[in-house]
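In what follows, a single structure is set out as structure tokens and then discussed.
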Amino acid sequence: MKLSNIDLIIIAAYFILMIAIGFIMKNRAKRSKDNYLMAGKKLPWYMLGLSDASDMFDISGTMLLVSMAFLYGFKSVWIPWMWPVFNQVFLMVFLSKWLRRSNATTGAEWLGTRFGLSDKGVRQSHAIVVVFALMLCIGYMAYAFVGVGEFLEIFIPYEAIKEYIPFLDNHLERFTPGTTEFETALYAAKNLTAQFYGVSICVVATFYSIIGGMHGIVLADFIKYMIMIFCSICVGTIAMTHLANSNIVILDQLPLGWDNPLFGKELGLDWSHILADAQLKLQKDGYKLFSAIVSMMFFSGVLKSLAGPAPNYDCQKILSTKSPEEASKMSGFISIILLPIRYFMTMGLCILGVLYFKELALHHTAEGINFESIMPAVINKYLPVGLVGLVLAGFLGAFMSNFSGTLNAGQAYIVNDIYLKYFKPDASRKQVINMGYLSGTVMVILGVGLGLLIKDVNMIFNIITAGLYGGFVCANILKWYWWRFNANGYFYGMLAGIIASAIPPALSVSGVTHYFDGTRMLYFFPIFFVIQLIACVAGSYAAPPTNSETLLSFYKTVRPWGFWKPVHEQALAEDAAFESNKNFGINMLNVGLGICGQILLTLLPMYLIISNWKAFIIVLLLLIGIAITMRKTWWQRLSDY
């Protein structure tokens with residue numbers, strides 16, 4: 001354990017500050033329901049964007065990105081398309097504006113603006129989106145829980161605390177060191193230690209997010225992100241200094257093509273003569289036919305992006321902005337503030353991992369090296385006293401940002417879409433706040449409970465991106481772009497998607513199948529999509545269309561493009577001067593430019609870290625060109641539809 005007294009003081013001070021923020025913001029959050037859940041829709045777009053970026057700069061995701069950068073090099077910039085990261089571009093260009101125009105409080109409440117409020121199908125669609133949202137929130141909390149436990153266990157290992165925490169004592173003295181029984185018992189003890197840390201940190205995160213509401217979350221996120229910016233600059237600079245002073249040609253220690261983001265039909269990276277465990281990991285991940293995999297990720301990613309934000313913290317931040325234009329600005333700001341900072345740290349940790357790989361105390365599993373442990377191992381060994389404490393505080397804050405933002409979204413659904421809608425519509429302000437406390441506590445218990453069943457970060461990442469999101473896509477695409485799609489179709493499409501896409505993850509968690517190892521889940525996406533499409537269309541035509549008054553109000557307020565001809569004709573009948581949204585072409589141009597810009601924002605700090613100045617300048621010039629173009633095609637046209 002490397003933590004010095006200075007590091008421990010920094011971490012303790014950070015936790016005290018987070019608790020203080022909860023108390024300070026408690027009275028402001030109690031002013032009203034909207035103040036508690038949405039900060040009264042008064043926060044500026046850049047603060048909400050920074051807060052959203054802070055939610056995304058999490059421990060679990062960064063551990064995964066560092067391991068991917070180590071294994072796949074510059075080709076790792078394409079792998080986050082699995083999530084997909086470019087959904088922020090679709091939001092920035094048009095979907096955030098469309099969503100914000102509803103003035104809703106949650107994604108489920110938004111459905112009322114699209115399908116109305118009265119019939120059975122509307123109530124069913126409302127219920128199914130609440131169920132999906134809560135499933136997603138619980139999944140994200142489990143994702144954060146698993147990551148923070150793995151992270152802390154390296155800094156404060158089982159051996160350091162077993163004498164102080166009685167239930168961690170696994171009676172290892174009963175077994176002979178080096179035997180299978182001893183290794184099994186030691187692995188169980190370390191796993192229990194990681195879970196203990198996860199539960200402990202969750203308690204603190206739960207306190208300040210439940211007590212302080214959205215105001216407390218955004219302020220805490222701002223403080224944390226300032227810390228992460230400073231830490232990222234320090235980590236990247238340390239990596240560049242070590243690389244410059246090492247007299248080592250870094251690429252000689254890596255597979256040919258590691259520093260090239262371009263690819264052919266196959267991945268083209270051969271670790272077999274350098275690190276056998278890395279080659280085995282690549283084989284298990286299943287990225288050999290890289291061109292086909294990236295194409296499938298792009299295909300599924302575009303569909304997921306067209307569906308709009310999932311009902312989680314991202315959706316909640318968009319709905320909390322002051323106006324539709326500020327919602328677009330917020331979504332665009334996220335990529336700019338997140339990607340260069342995060343990847344400067346990611347690549348810095350990766351390069352230090354490459355330089356000193358043999359000296360790192362990495363975790364091992366039955367399948368070999370756990371490459372996700374590179375990040376905490378490097379931080380533990382190669383960062384100076386004080387900076388270790390700041391990085392740990394920042395990443396623990398990152399965990400709490402992700403955890404609390406997700407928790408806030410879950411609370412909003414329980415309070416607005418269950419409690420106020422079905423149980424106590426006339427609840428007092430105090431009752432609403434108390435229900436927020438109770439619902440938050442229940443969400444934490446369920447999220448931590450799921451986290452205890454998950455074996456590693458990659459597994460829960462796959463379950464969320466391919467399993468839960470796989471059941472979300474089709475119904476949420478059609479709601480924006482097809483007038484005949486109704487609440488009945490939405491309900492049956494979501495129900496079919498949730499059932500179909502939840503079976504493989506459930507079997508994976510239980511160990512019955514391995515469908516969601518590596519990239520296998522990509523092959524199931526088209527199947528999920530077709531199942532949902534059939535259910536959506538059949539369900540829509542099994543019931544009458546949404547009433548014309550609701551459709552007309554939605555069309556005139558949100559102004560979507562797509563297949564809205566009958567509704568457009570009604571709008572023209574009322575107002576001959578009404579114009580349809582003709583921005584499809586310019587929107588798609590901006591989406592393409594934005595996706596290219598995201599890739600360049602990612603590559604820029606990576607080339608900077610390895611001091612490839614020629615590539616750095618080329619990327620920078622391309623990025624400037626995209627920025628100048630999008631200033632005219634996007635920024636100056638924010639008020640257009």
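The values are calculated or read from the model by the stated rules, or taken from the named source; none is laboratory data. Everything quoted here is computed from the prediction, not taken from an experiment. Glycine gets a Cβ as well: all are built from the backbone with ideal geometry, and neighbour counts include every protein chain shown. Note: accessible area is taken over every heavy atom of the protein model, side chains too, but ligands, DNA and RNA are not part of it. Shrake-Rupley method; radii C 1.70, N 1.55, O 1.52, S 1.80 Å.
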Are there helices (runs of 4 or more DSSP H) fully within the range 475-590 with at least 2 residues that are open to solvent by 50 Å² or more (accessible area, probe 1.4 Å), modelled with pLDDT under 90 and not acidic (Asp, Glu)? List them. 487-510, 520-541
If residue 253 passes every condition in (1) open to solvent by 40 Å² or more (accessible area, probe 1.4 Å); (2) more than 19 Å from residue 357 (Cβ to Cβ); (3) touching a residue at least 60 places away in the same chain (Cβ under 8 Å); (4) not aromatic (Phe, Trp, Tyr) but one, which one does it miss? (2)
Here is a check on your reading of the model: is residue 378 at pLDDT 75 or above, at negative phi, among the β-branched types (Val, Ile, Thr) and open to solvent by 10 Å² or more (accessible area, probe 1.4 Å)? no
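Rundown of residues vs (1) closer than 28 Å to residue 122 by Cβ; (2) of a type in the set (A, V, I, L, M, F, W, C), yes/no style:
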site: 385; (1), (2): no, yes
site: 392; (1), (2): no, yes
site: 398; (1), (2): no, yes
site: 406; (1), (2): yes, no
site: 410; (1), (2): yes, no
site: 413; (1), (2): yes, no
site: 416; (1), (2): yes, no
site: 427; (1), (2): yes, yes
site: 431; (1), (2): yes, no
A careful count of residues in the range 430-450 that are free of Cβ contacts under 8 Å to residues at least 60 places away in the same chain and either open to solvent by less than 10 Å² (accessible area, probe 1.4 Å) or acidic (Asp, Glu) (or both) gives 1
List pairs: first in the range 62-75 and free of Cβ contacts under 8 Å to residues at least 60 places away in the same chain, second among the aliphatic types (A, V, I, L, M), Cβ under 8 Å, 6+ apart or cross-chain? 68/79
Every pair of residues 6+ apart whose Cβ atoms lie under 8 Å, when the first sits in the range 555-582 and is within 20 Å of residue 115 (Cα to Cα) while the second is open to solvent by 70 Å² or more (accessible area, probe 1.4 Å) and charged (D, E, K, R): 561/582; 571/556
Would you mind telling me which numbered condition in (1) at pLDDT below 80; (2) surrounded by 19 or more Cβ atoms within 10 Å (Cβ to Cβ); (3) not in a helix (DSSP H, G or I) residue 455 fails? (2)
Pairs where the first residue, in the range 608-629, is in a helix (DSSP H, G or I) and the second is among the small types (Gly, Ala, Ser), C-beta under 7 Å, 6+ apart: 609/236; 609/239; 609/348; 623/597; 626/597
Filter the range 632-641 down to residues that are exposed (fewer than 11 other Cβ atoms within 10 Å of the Cβ) and part of a helix (DSSP H, G or I), then give me how many there are. 2
Just a yes or no: is a residue in the range 350-361 open to solvent by 10 Å² or more (accessible area, probe 1.4 Å) and at pLDDT below 85? yes
In the range 294-347, residue nearest to residue 84 (Cα to Cα) [restricted to those that are charged (D, E, K, R) and open to solvent by 30 Å² or more (accessible area, probe 1.4 Å)]: 329
Looking only at residues in the range 42-101 that are open to solvent by 10 Å² or more (accessible area, probe 1.4 Å) and among the aromatic types (Phe, Trp, Tyr), which one is nearest to the chain's Cα centre (by Cα)? 83
